[in-house]
Amino acid sequence: MPSAEPSAPPPSQLHAPAEPYASTRLDVGDGHSLYFEQCGNPGGVPMVYLHGGPGSGCSPRHRQFFDPTLCRAVLFDQRGCGRSSPLGELRYNHTDALLQDMETLRDHLGIARWLVVGGSWGAGLALAYASRHPGACLGLVLRGTFLGRPADLQWFFDGAGSLLPDAWQHLTDQVGCTRWDEVLQRLHAGVNHAEQSIALGSALAWEAWEHSLSAHTSITPRALSANDPQAMSLLRKYQIQSHYLSHQCFRHGRGLLASGLDTAHLPTALLHGRLDWICRPEAAWHIHQQLPASRLQWVEGCGHNPFEPGNAAALVATITHFANHGNFAHWGAANSVERPL
């Protein structure tokens, strides 16, 4: 699920803004071309960042999670997202295609193994990638993981309504129903409606619900004209997201950890906000129980937003620790939970 971001990140928690030393597009077939960039030190520890969504994209702020002296950070926009093209394309856009895109990109860059860093949907995608290609991974950093299980969808489209009943009613009034699977179906139909005003209204209602859960307060949908340049990118984002969620992330209800035991001995750091109302902390606990080599750090007082000061500081420290040590053996000892092997 996408992360709502504040207008400006807390500078004390992040590395200084930086420009990529290389950026271009890569043809991955099926009519898709991925935008990707490389940041930091070309001789540093290779790392790849997987953005949230599905349907979001990378931003310049995501570069600031990586120490530019230690990391060779690769950031890319997934199929149909951000600066990749065609924007919003749903054909040949599914989880397995994204996993293959990562391998195509890794091979193109000549990287033998990389640390896979993901947040929210990106963290679930990282698990699926590591399960498919464990030999390509140095380890995993998973923040606020979305696993794509039916229970996760039911929580987001129903259960979380008990936390913010007024915001929930704004959403259900828009779609005209309250049962979680019908809410998702109607939002999917809404954002793909031929009438743009209806499609945009559905996207704005969905966005407001997400932002409400992220901010822990009721936020009403913003006013956005169909002629506003932001309208089309917002629609494309939620069309992709509804495409994935209505197909259960193309995992037939098994979730993104279904074959995760293939990653059991990869160094894995789990970060999860105690107050995450979008992706429940239970997801991180579940992964931790399934992966014996994992370590889990609860981020106290934080929700889902990666740029909350506590979340940002924890993620930066985790990535830097791996860049310095190549493992998580002594990472976050004061705040982490470790399972014995």
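Read the figures in this text as sums done on the coordinates, not as results from a lab. Computed from a prediction, not measured in an experiment: that's the story for all the values here. Every residue, glycine among them, receives a Cβ derived from its backbone with ideal geometry; neighbour counts consider all protein chains shown.
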Requested in this report: Work out from phi, with θ = phi - 60° and the Karplus expression 6.51 cos²θ - 1.76 cosθ + 1.60, the ³J(HN,Hα) of each residue of segment 220-235, listed in order in whole Hz, and give x for Gly and Pro.
Outcome: 7, x, 6, 8, 8, 6, 4, 8, 5, x, 6, 4, 5, 5, 5, 4
Query - Isotropic mean projected area of the C-alpha convex hull, the chain (nm²) - result: 15.7
Query - Label-point gap, in nm, between Arg254 and Arg25 - each point 7 angstrom along Cα→Cβ - result: 3.4
**Report entry** Placed amide H near Leu138: partners under 5 Å, 5+ positions off or other chain
**Finding:** Trp114, Leu115, Val116
Query raised in the report: What list of whole percents do you get for P(r) of segment 165-273, with Cα-Cα distances grouped in 5 Å bins up to the one holding the largest distance?
Result: 2, 11, 17, 19, 17, 13, 9, 6, 4, 1, 0
Requested in this report: Run through every distinct alpha carbon pair of segment 35-135 and return the Kirkwood hydrodynamic radius in angstroms, one decimal place.
Outcome: 13.6
Requested in this report: Working from Cα positions, state the angle (0 to 90°, nearest 10) between the long axis of helix 309-325 and the longest principal axis of the chain.
Outcome: 30
Report task. Determine one quarter of the surface area of the Cα convex hull of segment 162-221, which equals its mean projected area, and express it in nm² to one decimal. Result -> 3.6
Query raised in the report: At 222 nm, what helix-only mean residue ellipticity would the chain give, in deg cm²/dmol to the nearest 500, using -39500 (n - 2.57) for each DSSP H run of four or more?
Result: -11500 deg cm²/dmol
Query raised in the report: Considering the chain as a Gaussian network with a 10 Å cut-off on Cα pairs, which listed residue, Ala130, Ala22, Ala284, attains the greatest mean-square fluctuation?
Result: Ala22
Query raised in the report: Against the longest principal axis of the chain, how steep is helix 95-109, in degrees 0 to 90 to the nearest 10, with axes from Cα atoms?
Result: 40
Requested in this report: Round to the nearest 10 and give me the degree value, 0 to 90, for the angle of helix 196-215's Cα axis relative to the longest principal axis of the chain.
Outcome: 50
Report summary line: Gyration tensor on Cα atoms of segment 115-154, a ≥ b ≥ c root eigenvalues, a/c under 1.5 rounded, else prolate if a/b beats b/c, else oblate, says oblate
Query raised in the report: Using the Kirkwood radius built from alpha carbon pairs, what does the Stokes-Einstein equation give as D for segment 202-242 at 20 °C and 1.002 mPa s, in µm² per second?
Result: 201
Query raised in the report: How would you classify segment 228-327 from its alpha-carbon gyration tensor, with a ≥ b ≥ c the square roots of the eigenvalues: rounded for a/c under 1.5, else prolate if a/b is greater than b/c, otherwise oblate?
Result: oblate
Query raised in the report: Which parts of segment 308-325 would a label at Arg61 reach, counting a residue when its backbone N lies under 11 Å from a point 7 Å out along Cα-to-Cβ?
Result: 308-309, 312
Query raised in the report: Looking only at Glu207, Glu308, Glu195, which one moves most when the chain is put into a Gaussian network model with springs between Cα atoms under 10 Å?
Result: Glu195
